[in-house]
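Q: First the structure, which I've put down as structure tokens, then a few questions once you've had a look.
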Amino acid sequence: MSSFEPSTEPSPFSERQPHRLRQVAESFGVDAERYDRARPSYPDVLIQRVIAASPGVEFLDVGCGTGIGARQYRAAGCAVLGVDPDPRMAEVARRTGVEVEIGKFEDWDAGGRSFDALVAGQSWHWVDPVRGASKAAQVLRPHGLLAVYWHVFDPPSEVANAFDDVLQRVAPDAPLWNRPADGSQPGNPAVELQQGNLTRAVDGVRTAGGFGEPEQWRFEWQRHYTRAEWLDHLPTTGMLTQLAPDQLANVLEAVGTAVDSIGGGFTMQYVTLAAAAIKP
């Protein structure tokens, strides 16, 4: 089975509730400029499919961060309002022209406003999946679209193994990451985590009601990383945003050495997994 295929086996992440890890959820703004620079954007085919499925062009971007996805929707002709709990991330987004309001989505006051689509890129796992879906149904117009999505990626084994080994050594209790208790090699934690996030999102929509049956979409793409680009990206991930400087330096040194061993760069195969549901 490809690591990108949905698994029928229980995931070690399936019982976790990332939205309760507020310290992690609100840690990305520690270096918001790096986040905006290093995080990948979303495939154009996803952006266009979301727009085509929406009854209009007024979008709410939940967990908009620095506005990476919001800028893509704006460039395609949509009006976008962002909501994010971190003022540091919001400030970067605002400097690029994205309107952002501060708050956790579950507690955010829409002030009577409604939207054609609610989107959440790489962020819906920080929202309570049932409360979030219920709130989405409240702020969406009839036939409005809820679309949430995550990137899944699997680095070359040399890079992934180096990351696993050094993280186990310097931060074995890092949130969202654990090696199996028997000491065996884990599956790719990022793959398992995002598949778990998608499952929780779909289950949350079904439990909350107010939407038709969710569809699941899949988009394959790739991006080449140099050593410098990948090491710039790593500190923006939830498993590393809370490491002490010396721990992070050890991780980057080990991973950099691994990238050097395969020629100083690599092409990452990405899959973006999405769940989409329409409000009747």
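Q: Which far-off residues, 5 or more places away or on another chain, put their amide H under 5 Å from the one on Tyr270, with H placed in the peptide plane?
A: The answer is Trp221, Gln222, Arg223.
Q: Can you give the Rg to Rh ratio for the range 44-178, taking only C-alpha atoms and Rh from Kirkwood?
A: 1.05
Q: Another question, if that's okay. All other residues with a Cβ under 14 Å from the Cβ of Val202 taken together, and with Lys, Arg as +1 and Asp, Glu as -1, what is their net charge?
A: 0
Q: On to the next question. I need the P(r) histogram for the range 202-268: all alpha carbon pairs, bin width 10 Å from 0 out to the longest distance, whole percents.
A: Reading upward from the zero bin: 17, 31, 21, 19, 12, 0.
Q: Oh, and also: In a shell of Cβ-Cβ distance under 13 Å around Gly263, excluding Gly263 itself, what net charge do Lys and Arg (+1) and Asp and Glu (-1) give?
A: For residues surrounding Gly263, the net value is -1.
Read the figures in this text as sums done on the coordinates, not as results from a lab. Since the model is a prediction, treat every value here as computed from it, not as a measurement. In this analysis, Cβ positions are derived from the backbone assuming ideal geometry, glycine residues included, and neighbour counts consider all displayed protein chains.
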